[in-house]
Amino acid sequence: MAAPAVLTSRSAAKVETFVDNKRTEDIRQQNMAAGQAVADAVRTSLGPKGMDKMIQTASGEVIITNDGATILNKMDVLQPAAKFLVQLSKSQDTVAGDGTTTVVVLAGALLKQCSVLLSNGIHPTVISDALHKTSTHAVHVLTSMAVPLELSDRESLVKSASTSLNSKVVSQYSSLLAPLAVDAVLSAVDPEKPDVVDLRDIKIVKKLGGTVDDTELVKGLVFDRKVSHSAGGPTRMENAKIAVIQFQISPPKTDIEQSIVVSDYTQMDRILKEERNYILGMIKKIKGAGCNVLLIQKSILRDAVTDLSLHYLAKAKILVIKDVERDDIEFITKTLNCLPIANIEHFRAEKMGYADMVEEASVGESKIVKITGIKDMGRTTTVLVRGSNQLVLDEAERSLHDALCVVRCLVSKRFLIAGGGAPEIELSRQLGVWAKSLQGMEGYCVKHFAESLEVIPYTLAENAGLNPIAIVTELRNKHAQGEINAGINVRKGQITNILEENVVQPLLVSTSAISLATECVRMILKIDDIVTVR
């Protein structure tokens with residue numbers, strides 16, 4: 001009689017198996033907590049009244065910035081999931097160039113809501129699918145709010161560039177840097193590809209000395225070095241015929257390492273004479289082609305020029321700029337509309353560029369070389385950034401880069417949207433309404449995600465020293481009454497129509513921030529275990 005009882009207990013044991021989900025939940029919570037910690041670290045630097053961060057590197061270098069991508073890039077993040085948020089800000093920097101802090105703060109708020117939903121027993125896949133739907137709907141809502149823009153409307157472009165600069169350390173110079181960024185990008189737009197701007201066609205040259213006010217846009221080339229005048233060569237050249245050379249004007253060396261033993265003076269004289277004749281022969285060919293300005297690429301094998309060759313070049317009245325970086329050759333040849341010359345035998349007039357003026361100018365304590373009035377100049381431009389110290393100079397360059405990216409966004413996607421937390425609150429409201437039309441878990445998830453978007457206006461108000469709860473409640477009320485462009489004016493400390501206040505940003509910045517943030521959060525949600533491999 002005992003046998004059946006044993007059988008039933010065994011079958012019962014098979015049915016009621018216990019699966020331990022504790023580890024999976026712990027890993028997920030740990031990843032989310034790490035992501036939120038990274039978001040909280042940069043949250044205080046959001047908006048025009050955001051705080052700056054002082055970063056000290058291992059080498060002792062100090063950086064002062066409030067650019068989200070720079071802060072996260074310099075931070076030494078160890079937790080694998082937290083690294084996603086660092087990559088996230090890099091992605092936003094690549095796609096839009098601005099909104100790098102916004103995207104991380106948004107991802108942090110979404111992670112917080114996901115934790116709440118998970119603790120309520122909703123499956124991560126359901127949350128992830130709802131998040132994907134929310135993201136797609138959000139992009140549609142933002143596009144419907146956007147205002148179309150023409151590239152001929154320079155004033156709107158300047159407004160959006162200065163909105164980007166207003167949250168930076170160098171915000172007081174936005175009236176100078178914003179028009180400068182707009183002019184730089186518009187001069188690099190190719191009429192054949194009007195939607196594409198390559199920021200490599202805009203070169204930023206940093207020079208210590210003066211103030212940010214002295215920053216200027218140069219229609220031509222600027223070299224951050226002086227003319228080589230050790231042998232008394234010219235430092236100014238009008239009607240310049242410029243050649244970019246990639247060979248060395250110095251005596252040849254043997255291919256293999258070997259030493260030459262000279263036993264008497266006649267042989268020594270002969271070697272020196274041969275060297276002299278070799279260099280003279282090269283310089284005669286250069287002069288014969290009509291060249292009077294020479295840009296010499298830096299050489300790693302041997303000296304690109306020697307004292308002897310510089311002496312002969314000075315005698316031939318040829319202006320020499322040596323040690324041109326290999327990376328700059330492409331930009332230089334594109335600007336001068338010339339070809340780099342790799343061998344003295346290929347030195348011909350048609351490979352040279354032409355300019356009205358090449359001159360050395362004093363800037364601060366050092367010197368630069370300017371090439372202006374270039375004939376048939378390529379679609380490139382140079383910005384000479386000045387600053388009183390290295391910290392300001394670096395931050396001015398980063399801020400200018402963000403402003404250039406904003407204008408580039410408007411060239412590729414010609415829509416403007418209000419700033420100041422207006423699109424986020426409107427999005428939150430419309431997603432809340434949409435959530436009511438959805439059924440089951442999906443609607444519940446969307447409602448929570450709609451709430452998380454309020455983190456942007458809340459943080460803007462908090463960083464500006466306002467009462468965030470009162471401000472966000474009033475903002476919600478205005479949007480419910482149909483004022484879709486009502487946003488937080490941090491300067492006046494109240495709610496105003498943000499479009500009238502000229503606080504605008506490209507549509508691409510907002511849409512890419514939401515798409516990238518949701519993508520990142522979905523990725524973190526799907527991870528249920530961390531496997532370390534030795």
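The values are calculated or read from the model by the stated rules, or taken from the named source; none is laboratory data. Because the structure is a prediction, the values reported are computed rather than measured. For neighbour counting, all protein chains shown are included, and Cβ atoms are generated from backbone atoms with ideal geometry for every residue, glycine included. These area figures cover heavy atoms from the full protein model, side chains too; ligands, DNA and RNA do not enter into them. Shrake-Rupley method; radii C 1.70, N 1.55, O 1.52, S 1.80 Å.
Please tell me if K53 is touching a residue at least 12 places away in the same chain (Cβ under 8 Å), in contact with a helix residue (DSSP H, G or I) (Cβ under 9 Å, 6 or more places away or on another chain) and open to solvent by 20 Å² or more (accessible area, probe 1.4 Å). So K53 fits the description; yes. What do you reckon, is S366 modelled with pLDDT under 90, surrounded by fewer than 16 Cβ atoms within 10 Å (Cβ to Cβ) and closer than 22 Å to L157 by Cβ? Spelling it out, it is not the case that S366 is modelled with pLDDT under 90, surrounded by fewer than 16 Cβ atoms within 10 Å (Cβ to Cβ) and closer than 22 Å to L157 by Cβ. The sole residue among V105, V95 that is open to solvent by 60 Å² or more (accessible area, probe 1.4 Å) and hydrophobic (A, V, I, L, M, F, W, C) is V95.
Taking the listed residues R491, R476, the one that is open to solvent by 20 Å² or more (accessible area, probe 1.4 Å), modelled with pLDDT of 90 or more and not hydroxyl-bearing (S, T, Y) is R476, with no other qualifying. Scanning region 116-132 for residues that are open to solvent by 20 Å² or more (accessible area, probe 1.4 Å) and in a helix (DSSP H, G or I) returns V116, L118, S119, T125, V126, D129, H132.
Residues of region 329-353 that are open to solvent by 10 Å² or more (accessible area, probe 1.4 Å) and part of a loop (DSSP other than H, G, I, E, B): N337, C338, L339, A342, N343, F347, R348.
Inspection of region 508-526 identifies no residue that is touching a Lys or Arg at 6+ places or on another chain (Cβ under 6 Å) and not in a helix (DSSP H, G or I).
Check whether at least one residue in region 168-180 is aliphatic (A, V, I, L, M), outside any helix (DSSP H, G or I) and open to solvent by less than 50 Å² (accessible area, probe 1.4 Å), and report yes or no. Yes, because at least one residue in region 168-180 is aliphatic (A, V, I, L, M), outside any helix (DSSP H, G or I) and open to solvent by less than 50 Å² (accessible area, probe 1.4 Å). Counting only residues that are part of a helix (DSSP H, G or I) and either surrounded by 16 or more Cβ atoms within 10 Å (Cβ to Cβ) or among the hydroxyl-bearing types (S, T, Y) (or both), region 418-449 holds 22 of them. Looking only at residues of region 144-166 that are open to solvent by 60 Å² or more (accessible area, probe 1.4 Å) and touching a residue at least 40 places away in the same chain (Cβ under 8 Å), we find that the one that is nearest to V411 (Cα to Cα) is E150.
Taken over region 418-433, the criterion of being touching a strand residue (DSSP E or B) at 6+ places or on another chain (Cβ under 7 Å), under 20 Å from V95 (Cα atoms) and modelled with pLDDT of 90 or more is satisfied by P423 alone. Listed here are the strands (runs of 3 or more DSSP E) enclosed by region 185-302 that have at least 1 residues being surrounded by fewer than 19 Cβ atoms within 10 Å (Cβ to Cβ) and at pLDDT 85 or above: 202-208, 216-218, 236-245.
If you go through region 158-205 and keep only what is within 26 Å of D52 (Cα to Cα), basic (K, R) and more than 16 Å from the chain's Cα centre (by Cα), you end up with just K159. Residues of region 133-143 that are touching a residue at least 40 places away in the same chain (Cβ under 8 Å) and either open to solvent by 50 Å² or more (accessible area, probe 1.4 Å) or more than 18 Å from A96 (Cα to Cα) (or both): K133, T134, H137, V141, T143.
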